[in-house]
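In what follows, a single structure is set out as C-alpha cells and then discussed.
The values are calculated or read from the model by the stated rules, or taken from the named source; none is laboratory data. This structure is a prediction, so every number in the text was calculated from the model and none was measured. FYI the Cβ positions are ideal-geometry reconstructions off the backbone, even for glycines, and counts take in every protein chain you see. Keep in mind that these areas ignore ligands, DNA and RNA; they rest on the heavy atoms of the full protein, side chains included. Shrake-Rupley method; radii C 1.70, N 1.55, O 1.52, S 1.80 Å.
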Amino acid sequence: MPPLIAFAGALGGLAVVRWAYKTAVRINRELEEARLARVAETQTGDIPTLRRDPVTGAYRPG
C-alpha cells in the first residue's frame, strides 16, 4: 500500500508543478503583451516636439 500512496503523491506533485508552470507562462505572456501595448501607445501618442524659434530663441511646439 505505501508504494501506491507514494506513486499517487508523485502524480499529484507533477500535476501541481505542471499547473504552476502553465500559469507562470500565461502570466508572463499577458505581461509581455501589456508591456508591448504600452510601448506602442507611447510611440503613437501626440507628444509635441519643441523647436527653437530662430528670432526669439524660445522653444515652441512644432
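Is region 1-16 home to any residue that is within 21 Å of the chain's Cα centre (by Cα), open to solvent by less than 90 Å² (accessible area, probe 1.4 Å), farther than 30 Å from PRO61 by Cβ and modelled with pLDDT of 95 or more?
First, the residues of region 1-16 that are within 21 Å of the chain's Cα centre (by Cα): none.
Within region 1-16, not a single residue is within 21 Å of the chain's Cα centre (by Cα), open to solvent by less than 90 Å² (accessible area, probe 1.4 Å), farther than 30 Å from PRO61 by Cβ and modelled with pLDDT of 95 or more.
Could you tell me whether region 29-39 includes any residue that is modelled with pLDDT under 85 and open to solvent by less than 100 Å² (accessible area, probe 1.4 Å)?
Within region 29-39, the subset modelled with pLDDT under 85 is 39.
Of the ones still in play, those that are also open to solvent by less than 100 Å² (accessible area, probe 1.4 Å) are 39.
Yes: one or more hits.
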